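Quick notes on the structure that follows.
The numbers here are math on the coordinates, done by the rules we state, and not lab data. The structure presented is a predicted model; accordingly, all values stated were derived computationally and were not measured. Using ideal geometry, Cβ is built from the backbone for each residue, glycine included, and neighbour counts are taken over all protein chains shown.
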């Protein structure tokens, strides 16, 4: 696997670079599940380098399970999980994180009894200093700077989601995985968050977003996939996918 470190960056683990048009993250014929229950039935999904891919579908379709496989939290039973063309079946979540695969789970995953700053400091395990983490986070999300000494659990849902994304970005990810970013948030907050995600994709970070509410993410995606009953049933441009969503969700 070809890897490189950005010029001027602090020493750390080499990050994967997809060569020859290979996807930076890919699932090929993946079957996975929980114990004897198979949830994914041969999933094929590719995230090209520097693109935003939307994984769409109703609850129970397998979106979160797919993201758990991509983040190393759930092992592949058969098929292949690939990073920059290299098969990484069996790799741990920690090892994937060191390769630059970072996940913001459904429910945000912040620590409510820690302050904003203390939550951000958890990202220093990748070698970034506290000062760098705070600077990057507060520059991107000024609201967090205003709340830096506030307990995270006392902030609004949108602010907590900002914190979760900021902490993830502090690890300088190659691929950012987002699970149901809009869950429980007001439409205006969701719009603002997805505008920030669009800027991340434009900066070169590859993004995989699982989302039940397609209209929130399709306007900023480069490609989209519909997932039903543990299978990716359609992949295409957002405009093409949008036309098929109603029948897919309704079983037409």
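Computed over the chain, the per-residue total of -39500 (n - 2.57) for DSSP H runs of n ≥ 4 gives a 222 nm mean residue ellipticity of -9000 deg cm²/dmol, rounded to 500.
Of the residues 30, 233, 104, the one that moves most in a GNM of the chain with alpha-carbon contacts below 10 Å is 233.
Starting from the Cα gyration tensor of region 88-186, take the square roots of the eigenvalues, sort them a ≥ b ≥ c, and report rounded, prolate or oblate (rounded when a/c is under 1.5, otherwise prolate if a/b is larger than b/c, else oblate). Let's see the in-between values first.
Values: a/c = 2.00, a/b = 1.32, b/c = 1.51.
In terms of gyration-tensor shape, oblate.
Using a Förster radius of 22 Å, what is the FRET efficiency between residue 212 and residue 149 based on their Cβ-Cβ separation? Nearest 0.05, please.
Values: r = 34 Å, r/R0 = 1.56.
For residue 212 and residue 149, the calculated efficiency is 0.05.
Whole-percent P(r), region 114-172, all Cα pairs, 10 Å bins from 0: 27, 62, 11. For region 31-188, the antiparallel share of DSSP beta bridges with both residues in that region comes to about 65%. Footprinting exposure proxy ranking of 34, 194, fewest other C-beta atoms within 10 angstrom first, gives 34, 194. Using alpha-carbon pairs under 8 Å, 6+ residues apart, how would you state the relative contact order of region 162-228 in percent? Result for region 162-228 is 39 percent. Residues 240, 159 in ascending order of nearby Cβ atoms (within 10 Å, fewest first): 240, 159.
With a Förster radius of 22 Å applied to the C-beta separation of residue 195 and residue 92, the computed FRET efficiency comes to 0.10. Taking the average, over residues, of other Cβ atoms within 10 Å as the packing measure, peptides 202-215, 59-72 rank 59-72, 202-215 from highest down. Taking 0.36 nm per residue of separation and subtracting the Cα-Cα distance, full extension of the segment from residue 242 to residue 37 would add 70.7 nm.
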